[in-house]
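*Asks:* My questions will all concern the structure given below.
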Amino acid sequence: MKMTGGEIVVRALEDEEIPFTFGIPGTHNIELYDALARSEKVKPILVTDEQSASFMADAVWRASGRLGCAAVVPGAGLTHAMSGIAEAFMDGVPMLVLGCGIRRDTRRAFQLHDVDQQALAAPVTKGCFLPQRGEEIYATIRRACRLARQGPPGPVFVEIPADLYLFRHHPAFEAFQEAPPAPPTGSGAELDQMAALLGKAQRPLLYVGLGAAGSGADLVALAEKLQAVVASTFQGKGAFPEEHPLFLWPGFGQAAPAFVRKVVADCDLTLALGCRFGEVATASYGLTPPQPLIHVDIDPGVLGRNYPAALGVTADAASLVRELLPRLPTRAPNDAVRRSIGEGQRAVWRDWEAGKSAERVTPALLLRSLQETFGGDAIFTTDSGNGTFLGMECLRLNRPGRFLAPVDYSCMGYAIPAALGAKLARPEAPVVALAGDGAFLMTGLELITAASQKIAVAVFVLRDRELAQIAQFQDVALNRKACSVLPDYDLEGLCRGVGVEHLRLDRDAETPAVLARVQELTESGQPVLVDVAIDYSQKTYFTQGVVKTNLLRLPWPDRLRFIGRALARKVLG
């Protein structure tokens, strides 16, 4: 039986268990949307901007482990979505970007939307695909999705020409029979060498990234066997339970509290699992892993790339940890280290509480209240800037897939559409977006999508009327803010216009009542926005560490010039 190209595409999406597509239909893919309207397994979500479509598809995978799909029209649809595609590419998030192409059967030039989409997508995807015949559509999409998931995960781009959507074809479902390759685990010799190095170390450090998120209880067992202290990357937050007495901090080095630096200074080996030592995670490379370094990642290209490794192993972290555990002896608990960590964590909270705001909302107290209100299953999405760093430092998460942040590409505008994608993928979980007021201006209109689709997210706009992270860097380094103060806008009026309830949170004392109302609204299936008068006067450890690291890296003449300029401006006003 012949099927239209749209029907074949939908069958491929169903067989890949893709639950949603995100996008805006256009003249080139109306046949696709006609087929989607008849599907009982794939739901198309209309967005206000294709940038949001790619952020939503990204969050579906981060929150649930299922592949998300951004369905975009040719040309402008793809270029609008490119920011989210690049975020997924740099953060290692699998995604299907289902593009559409111009008609190739007419051989006409200067067609609507006609640009070289393959060239546009190639630098920010793992692979680009362009089926030439209708019979190739099904297998092409299936192979692309397999590529997105395997090895170092990432987005893939499949361009379906408009004429293939219009006409009917034999679907050739049998053309795709490929079994997925088994993930690499490391050789027996590599595992023996790793066990020998770990056996010699007295105080190992585990540094875990997103690639270790599938390790689960095995990762906890590894830390307890080794009595290793544990730090995570931003994306690895929650891969190791952060309430465990061996968990140190999300990160280490200059951007971590003093107690973290002291504990790490006593370590004599680093086992890095599923991480790349990227610029953001290392706070501008402001850390030095205790040597020797054992670096494990599924991508051989990252091993030893930024920090030389005594042993680099290409392996899936979860598979390797499972194979490594039987080779290791069990050590007695190190009560002194656990006490140091516990005392250090409590001291950090005392400092945050001592900096409690007199007139506005204290970030650490708000985030602690959010966790207490919404519980351990809550998913937090953040935006590029202070919201990410505050969430990273203040939240204590015990499972992966609970902290969704734009890290290595660092896109503003991520938090709100990502919250919608996460809630659609995990409807049973409370979802909280932490959006800066600058980032809100980019994608905040997706609130109308939340209202129309009844996606019950809680959006907290952390409002200081500045581009807070940049303003802080400018204030510290330059003693002057340039082009980082935002014009004011009526957030309540905007919420009224899109049909979302607006609440104000002006002081810490109001937090319990406001959060109770937020919980009531979201549990009844309604999205809600909270306008938070946030107090950013207490800088994050991350901000302080990055400024210090980059200042000390400058040659002395430039260092003195920066310091002198800031001091002069402070004195002279």
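The values are calculated or read from the model by the stated rules, or taken from the named source; none is laboratory data. Everything quoted here is computed from the prediction, not taken from an experiment. Methodologically, a virtual Cβ is constructed for each residue, glycine included, from the backbone with ideal geometry; neighbour enumeration extends over all protein chains shown.
*Asks:* State the number of residues belonging to segment 1-21 that are of a type in the set (A, V, I, L, M, F, W, C), under 25 Å from the mean Cα position of the chain (by Cα) and outside any strand (DSSP E or B). Write out each step before concluding.
*Replies:* Going residue by residue through segment 1-21, those that are of a type in the set (A, V, I, L, M, F, W, C) are 1, 3, 8-10, 12-13, 18, 20.
Remaining after also requiring under 25 Å from the mean Cα position of the chain (by Cα): 13, 18, 20.
If we keep only those that are outside any strand (DSSP E or B) as well, we get 13, 18.
The total comes to 2.
*Asks:* With respect to ILE160, determine if the residue is within 29 Å of the chain's Cα centre (by Cα), surrounded by 24 or more Cβ atoms within 10 Å (Cβ to Cβ) and in a strand (DSSP E or B). Before you say what the answer is, go through the steps one by one.
*Replies:* Numbers: within 29 Å of the chain's Cα centre (by Cα): yes; surrounded by 24 or more Cβ atoms within 10 Å (Cβ to Cβ): yes; in a strand (DSSP E or B): yes.
Spelling it out, ILE160 is indeed within 29 Å of the chain's Cα centre (by Cα), surrounded by 24 or more Cβ atoms within 10 Å (Cβ to Cβ) and in a strand (DSSP E or B).
*Asks:* Just give me the residues in segment 334-378 being within 17 Å of GLU242 (Cα to Cα), assigned to a helix (DSSP H, G or I) and among the charged types (D, E, K, R), in sequence order.
*Replies:* Result: ARG338, ARG339, GLU343, ARG346, ARG368, GLU372.
*Asks:* Out of the residues in segment 212-233 meeting the condition of being part of a loop (DSSP other than H, G, I, E, B) and at pLDDT 95 or above, tell me which one is farthest from PHE389 (Cα to Cα).
*Replies:* First, pick out the residues of segment 212-233 that are part of a loop (DSSP other than H, G, I, E, B): 216, 227-228, 233.
Those still in the list that are at pLDDT 95 or above too: 227-228, 233.
On the way: GLN227: 28, ALA228: 25, THR233: 12 Å.
Among those residues, the one meeting the criterion is GLN227.
*Asks:* Right, next: Mind checking which residues of segment 521-533 are of a type in the set (D, E, K, R) and over 20 Å from GLN453 (Cβ atoms)? Steps first, please.
*Replies:* Filtering segment 521-533 for residues of a type in the set (D, E, K, R) gives 523, 531.
ASP531 - this is the single residue of segment 521-533 that is of a type in the set (D, E, K, R) and over 20 Å from GLN453 (Cβ atoms).
*Asks:* Return the residue satisfying two criteria in turn: it lies in segment 209-250 and is surrounded by fewer than 24 Cβ atoms within 10 Å (Cβ to Cβ) and charged (D, E, K, R), and of such residues it is farthest from THR185 (Cα to Cα).
*Replies:* Checked segment 209-250; the qualifying residue farthest from THR185 (Cα to Cα) is GLU243.
*Asks:* Going by the structure shown, is PRO326 out of contact with any Cys (no Cβ under 8 Å at 6 or more places or on another chain), without any contact (Cβ under 8 Å) to a residue 12 or more places away in the chain and in the same structural domain as CYS267 (by TED's automatic domain parsing)? Spell out the reasoning first.
*Replies:* Numbers: out of contact with any Cys (no Cβ under 8 Å at 6 or more places or on another chain): yes; without any contact (Cβ under 8 Å) to a residue 12 or more places away in the chain: yes; in the same structural domain as CYS267 (by TED's automatic domain parsing): yes.
Taking the combined requirement at face value, the residue satisfies it.
*Asks:* Now for a separate question. Quick one: how many residues across segment 302-322 are touching a residue at least 40 places away in the same chain (Cβ under 8 Å), surrounded by fewer than 23 Cβ atoms within 10 Å (Cβ to Cβ) and among the small types (Gly, Ala, Ser)?
*Replies:* Residues meeting the conditions: 3.
*Asks:* What residue, among those in segment 454-476 that are in contact with a Lys or Arg (Cβ under 8 Å, 6 or more places away or on another chain) and over 30 Å from GLY499 (Cα atoms), is modelled with the lowest pLDDT?
*Replies:* So in segment 454-476, the residues in contact with a Lys or Arg (Cβ under 8 Å, 6 or more places away or on another chain) come out as 455-457, 466, 471-472, 474-476.
Retained after the next criterion (residues that are over 30 Å from GLY499 (Cα atoms)): 471-472, 474-476.
On the way: ALA471: 78, GLN472: 74, GLN474: 74, ASP475: 73, VAL476: 69.
Here the answer is VAL476.
*Asks:* Test ALA12 against the criterion of being buried (at least 23 other Cβ atoms within 10 Å of the Cβ), farther than 24 Å from ALA76 by Cβ and touching a helix residue (DSSP H, G or I) at 6+ places or on another chain (Cβ under 7 Å), and give yes or no. Before the answer, list the steps.
*Replies:* Numbers: buried (at least 23 other Cβ atoms within 10 Å of the Cβ): yes; farther than 24 Å from ALA76 by Cβ: yes; touching a helix residue (DSSP H, G or I) at 6+ places or on another chain (Cβ under 7 Å): yes.
Taking the combined requirement at face value, the residue satisfies it.
*Asks:* Which residues, taken from segment 159-184, are touching a residue at least 60 places away in the same chain (Cβ under 8 Å) and closer than 30 Å to ARG322 by Cβ? Spell out how you get there, then give the answer.
*Replies:* First pass over segment 159-184, keeping only residues touching a residue at least 60 places away in the same chain (Cβ under 8 Å): 159-171, 173, 183-184.
Across segment 159-184, the qualifying residues are PRO183, PRO184.
*Asks:* Now a separate question. Which residue out of ASN398, ASN479 is surrounded by fewer than 23 Cβ atoms within 10 Å (Cβ to Cβ), in contact with a Lys or Arg (Cβ under 7 Å, 6 or more places away or on another chain) and in contact (Cβ under 8 Å) with a residue 24 or more places away in the chain?
*Replies:* On the way: ASN398 fails: in contact with a Lys or Arg (Cβ under 7 Å, 6 or more places away or on another chain).
Result: ASN479 is the single residue among ASN398, ASN479 that is surrounded by fewer than 23 Cβ atoms within 10 Å (Cβ to Cβ), in contact with a Lys or Arg (Cβ under 7 Å, 6 or more places away or on another chain) and in contact (Cβ under 8 Å) with a residue 24 or more places away in the chain.
*Asks:* Filter segment 403-454 for residues that are surrounded by 23 or more Cβ atoms within 10 Å (Cβ to Cβ) and assigned to a loop (DSSP other than H, G, I, E, B) and give the result.
*Replies:* ALA405, PRO406, VAL407, CYS411, GLY413, TYR414
*Asks:* Here's another thing I want to ask about it. Answer with yes or no whether ALA213 is aliphatic (A, V, I, L, M), under 23 Å from SER319 (Cβ atoms) and touching a residue at least 12 places away in the same chain (Cβ under 8 Å).
*Replies:* On the way: aliphatic (A, V, I, L, M): yes; under 23 Å from SER319 (Cβ atoms): yes; touching a residue at least 12 places away in the same chain (Cβ under 8 Å): yes.
When the stated conditions are applied, ALA213 passes them.
*Asks:* Would you be able to tell me the number of residues in segment 15-46 that are farther than 20 Å from GLN453 by Cβ and either touching a strand residue (DSSP E or B) at 6+ places or on another chain (Cβ under 6 Å) or crowded, with 24+ Cβ neighbours inside 10 Å (or both)?
*Replies:* Selection size over segment 15-46: 3.
*Asks:* Pairs only if they're at least six apart or on different chains, beta carbon under 7 angstrom, first in segment 339-359 and touching a residue at least 40 places away in the same chain (Cβ under 8 Å), second acidic (Asp, Glu) and not in a helix (DSSP H, G or I); list them, first residue then second.
*Replies:* So the pair list comes out as SER357/ASP535.
*Asks:* Answer with yes or no whether GLY77 is at pLDDT 95 or above and on the phi > 0 side of the Ramachandran plot. Before the answer, list the steps.
*Replies:* Values: at pLDDT 95 or above: yes; on the phi > 0 side of the Ramachandran plot: no.
Answer is no for this residue.
*Asks:* Modelled with pLDDT under 95 and not assigned by TED's automatic domain parsing to the domain that holds VAL530, is that true of PRO308? Quick ask: steps written out before the conclusion?
*Replies:* Working: modelled with pLDDT under 95: no; not assigned by TED's automatic domain parsing to the domain that holds VAL530: yes.
No: the conditions fail for PRO308.
*Asks:* Which residue, of THR270, THR288, is buried (at least 24 other Cβ atoms within 10 Å of the Cβ) and either out of contact with any Cys (no Cβ under 7 Å at 6 or more places or on another chain) or not in a loop (DSSP other than H, G, I, E, B) (or both)? Write out each step before concluding.
*Replies:* Numbers: THR288 fails: buried (at least 24 other Cβ atoms within 10 Å of the Cβ).
Of the residues listed, the single one that is buried (at least 24 other Cβ atoms within 10 Å of the Cβ) and either out of contact with any Cys (no Cβ under 7 Å at 6 or more places or on another chain) or not in a loop (DSSP other than H, G, I, E, B) (or both) is THR270.
*Asks:* Residues that are of a type in the set (A, V, I, L, M, F, W, C), surrounded by 13 or more Cβ atoms within 10 Å (Cβ to Cβ) and closer than 20 Å to GLN472 by Cβ: does segment 494-516 have at least one?
*Replies:* Taking segment 494-516 and keeping what is of a type in the set (A, V, I, L, M, F, W, C), we get 494-495, 498, 500, 503, 505, 509, 513-516.
Within this subset, residues satisfying the condition of being surrounded by 13 or more Cβ atoms within 10 Å (Cβ to Cβ) are 494-495, 498, 500, 503, 505, 514-515.
Going one step further and asking which of them are closer than 20 Å to GLN472 by Cβ, we end up with none.
The answer is no, given that none of the residues of segment 494-516 is of a type in the set (A, V, I, L, M, F, W, C), surrounded by 13 or more Cβ atoms within 10 Å (Cβ to Cβ) and closer than 20 Å to GLN472 by Cβ.
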